[in-house]
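The values are calculated or read from the model by the stated rules, or taken from the named source; none is laboratory data. What you see is a predicted model; the values in this text were computed from it and never measured. Cβ: placed from backbone, ideal geometry, glycine included. Neighbour counts: every protein chain shown. Just so you know, the surface numbers come from the protein's heavy atoms only, side chains and all, with ligands and any DNA or RNA stripped out. Shrake-Rupley method; radii C 1.70, N 1.55, O 1.52, S 1.80 Å.
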Amino acid sequence: MNIGEEEQDIVIVGGGICGLATALALHRKGIRSMVLERSESLRAAGVGIIMQPNGWRALDQLGVAPKLRQTCTEIPSGTFIKVEDGKFGESELPLGKGELRCLKRMELMSTLAEALPAESVHLGCRVVSIVTDPVTSDPVLQLHNGTLIKAKIVIGCDGMNSIISKFVGVNPPKLFSRCAARGFTYYEHGHPFGDKFRVHDACGVALGQLPVTDKLAYWFLTRSLTSQDLSDSKKDPTYIKQVSVEALKGFPEKVVEMVKNTDPKALYLTELRYRAPWDIARAKFRKGTVVVAGDALHAMCPFISQGGGASLEDAVVLARCLSEKLKQADNESGDGRKKLTEEAMDLYVKERRMRVFWLSLQTYLIGLTLDNMSKMKRVLGIAGLILMFGNQKSHTDYDCGRL
Ligand SMILES: Cc1cc2nc3c(=O)[nH]c(=O)nc-3n(C[C@H](O)[C@H](O)[C@H](O)COP(=O)(O)OP(=O)(O)OC[C@H]3O[C@@H](n4cnc5c(N)ncnc54)[C@H](O)[C@@H]3O)c2cc1C
């Protein structure tokens, strides 16, 4: 993008899952938008993503589900394996009612991006600040190269450390006491895991493993966070592999081998962050004609694998609310249009708040049960989950509705 000043109708900050899905949802409603992504290429940290029935419903609305289904195996059942003193106790792992698959993140992102009109996504455009124009009260974005973009509408899809969330007044996410390693392992002659989702759980370490295709397996491992995990080591595949294998003492040989044979280019270590449920219950999420979506709205730990699915739902609901109101705004002056835009954003926030509150509460309570330091917190977590989330998978029943 050239240095200077320009005016735009709708700018989406962040070209991750949520930013691309929001641009596509708007496009399907005949509304043009511009996506600003700071990276030089589409970036898909974390290799795989579990997509549950609610996420597939949103992908169906976006029109990309049929293509994505061809890239990954359906997973009909799951097994939970308790690892104790070299013994493995198996029980059923409950899955939601409907479709569960593990997608390659990059496949998801490129499918969303390819469905957009050419030149919708502007790479290498880092937003460094956002202010309100004192005369028009429109948002003004400043890019790293000094370019100023005056927009009528800004949608912040800029992830966990969102500067747009900060602008609208949302508290930053908190650091959780655990981290997650993730990887892809390729088996030239097919993997031995079949079509099951397996979770192995030992004291303080959980390893999840799913097929993407019959030759590609995705795994994730959660364990306690150490200070070294927060240093530059987290980018070193040798370190990630070594500490992951060390954490798997006593686990079945097949899964330890899987981690040992992970492609070093497909290995990630991430500290976990979350926004407290009470922050989600009371935060505004909109300031003027600026609103947030995706992790910028509902940063949560990945214990129920819903951050990405919920981001797709955000995209569908936001585009639906905006298109309904913007249709009415066709004959309106500047102020009338702004008022209708704000009403649309408020409708979106209202519709999403309770949904993401319950998701974040469930992950928060699961987080309490994983606290090694406080028995009281663990008891509170278990009691909360039993009382409020008897059906652990009801979050997958959600339907974000038609676009
Ligand atoms: C370990 C782990 C496992 C997970 N597993 C699952 C799962 O199985 N299923 C699931 O549904 N969810 C999962 N999630 C959650 C999911 O990854 C996120 O909810 C999802 O990626 C959020 O998408 P997003 O677009 O909001 O944010 P992001 O994917 O973080 O994208 C934000 C984008 O904004 C860009 N950006 C940031 N700042 C700026 C700026 N100033 N200017 C321009 N661009 C900017 C970034 O470069 C990035 O591309 C997991 C998360 C973790 C941490």
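Would you mind working out the accessible area per residue for the stretch 1-156, using a 1.4 Å probe, and quoting it in Å²?
45 Å²
Helix 237-247 and the long axis of the chain differ in direction by around 50°, with both axes built from C-alpha atoms. The figure for Asp138 is an accessible area of roughly 20 square angstrom, using a 1.4 Å probe on the protein chains alone. When you restrict to C-alpha pairs under 8 Å that are six or more residues apart and normalise by the size of the stretch 76-166, the relative contact order lands at 14 percent. A simple packing score, the average count of other Cβ atoms within 10 Å per residue, orders the peptides 7-14, 110-117, 380-387 as 7-14, 110-117, 380-387, with the highest score first.
The angle between the Cα long axis of helix 375-388 and the longest principal axis of the Cα atoms of the chain comes to about 70 degrees, rounded to the nearest 10.
Rounded to the nearest angstrom and listed largest first, the equivalent-ellipsoid semi-axes of the stretch 258-403 from its Cα gyration tensor are 35, 19, 14. As a length-normalised measure over Cα pairs under 8 Å and 6 or more apart, the relative contact order of the chain settles at 22 percent. Computed from Cα atoms, the angle from the helix 17-28 axis to the main principal axis of the chain rounds to 50 degrees.
Expressed as a rounded percentage, what relative contact order does the stretch 225-322 have, with Cα pairs under 8 Å and six or more residues apart? Write down the numbers at each step before the final one.
Details: 62 pairs, mean separation 21.6, N = 98.
Reported relative contact order: 22 percent.
Placing one equal scatterer on every Cα of the chain and applying the Debye formula, the log10 ratio I(q)/I(0) at q = 0.14 Å⁻¹ is -1.28.
Taking 4.7 Å between C-beta atoms as the pairing limit, the chain has these partnerless cysteines: Cys72, Cys102, Cys125, Cys179, Cys203, Cys301, Cys321, Cys400.
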